[in-house]
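The values are calculated or read from the model by the stated rules, or taken from the named source; none is laboratory data. Worth saying up front: this structure is predicted, and the values here are computed from it rather than measured. Cβ coordinates were reconstructed from backbone atoms using ideal geometry, including for glycine residues, and neighbour counts include every protein chain displayed.
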Amino acid sequence: MMIESGALPRTLMTAALLLVATAVVVLSGCGSEAVDFPYADERYVYPEGGTDMVRVHLGAVVDDRPQEQRTGQGHFKSITYPGDDAWAQPVAEFYRAALARDLTQTRLVELTPLPSQAAYVLEAEIESFHCRVDRPGMSFVLPVLIGAIGGFALGDDTSSRLKRTAVFGVVAYGAMPMPADQHAEVIVTLTMRDLTGEVVWEKTCVGEVADRVGEPIASRRDKVYAERYLPQAVKRANACLLGQLRQFLSSE
């Protein structure tokens, strides 16, 4: 079978683009590394009130997130992540370490290893701890338009234009950044009990981070965004909680 000289370069180009498209889509979805929690040190230190710090034991940290946050849900347009199987450690362990660090570094209280050594026991309940990405509808339309422009510009006839449109569209879906709204949310309730078990203080705070990024439709860089935004959201929630806790301790 004879192939016209002008058609050969276009055939090779189409094959190369198809190979690139396949590789881009496959690699965009790769992300086997576990999600860590790089929590920053707290630089703010509460002023000393002239008395010894209250001795507090950090008790149970309960993970009470809804099921959709534990499993991760959604595809393409709206995705909740990361699921429990993506974390390097249980969420409750990450939050416990972050809370203990903030309590210690702000010098708000003195943490004790045993409840019997403390005046109060502080408990935490995690009600939300997740990221969500939402993509506007135009993010799905633009790659198709780009594919159509490329296909009709380089195609010789209707058949070749349609094939090239499909190839260019796949490449655009896998490689071209499109608007994506990232949102991280952390909701935590802290409860303080005296040594008899009676609740003496309780407060719920929300920490949120919102950002718009450019990300290909086929890309799933959950680890990158979860490690970027969730520690910030926890820091904001803890700032609210510790501020309220300080007011309570100051009044005692």
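Annotations
- Apart from one condition, VAL54 fits all of (1) modelled with pLDDT of 90 or more; (2) over 30 Å from LEU195 (Cα atoms); the exception is (2).
- Among (1) over 23 Å from GLU42 (Cα atoms); (2) in contact with an Asp or Glu (Cβ under 6 Å, 6 or more places away or on another chain), the one test that ARG221 misses: (2)
- Scanning the range 97-134 for residues that are assigned to a helix (DSSP H, G or I) and crowded, with 18+ Cβ neighbours inside 10 Å gives ALA98, LEU99, ASP102, LEU103.
- Long-range neighbours under 6 Å by Cβ, at least six apart or interchain, first residue outside any loop (DSSP other than H, G, I, E, B) within the range 32-48, second modelled with pLDDT of 85 or more: VAL35/PRO82; VAL35/ALA86; VAL35/TRP87; VAL35/LYS223; VAL35/ALA226
- All positions within the range 72-95 that are surrounded by fewer than 17 Cβ atoms within 10 Å (Cβ to Cβ) and over 26 Å from PRO179 (Cβ atoms): ASP84, ASP85, ALA88, GLN89, PRO90, GLU93
- Here ILE79 fulfils each of the conditions (1) in a strand (DSSP E or B); (2) at pLDDT 95 or above apart from (2).
- Considering GLY83, GLY59, the condition of being under 16 Å from ARG220 (Cα atoms) and not aliphatic (A, V, I, L, M) is satisfied by GLY83 alone.
- Screening the candidates TYR229, TYR173 for the property of being modelled with pLDDT of 75 or more and of a type in the set (Ser, Thr, Tyr) yields one hit, TYR229.
- Residue list for the range 193-252, filter: touching a strand residue (DSSP E or B) at 6+ places or on another chain (Cβ under 7 Å) and free of Cβ contacts under 8 Å to residues at least 12 places away in the same chain: VAL199
- Residues (surrounded by 12 or more Cβ atoms within 10 Å (Cβ to Cβ), of a type outside the set (Lys, Arg) and closer than 28 Å to TYR39 by Cβ) located in the range 186-204: VAL186, ILE187, VAL188, THR189, LEU190, THR191, MET192, VAL200, TRP201, GLU202, THR204
- Subset of the range 188-234 that is of a type in the set (Val, Ile, Thr) and in a helix (DSSP H, G or I) - its residue that is nearest to HIS130 (Cα to Cα): VAL234
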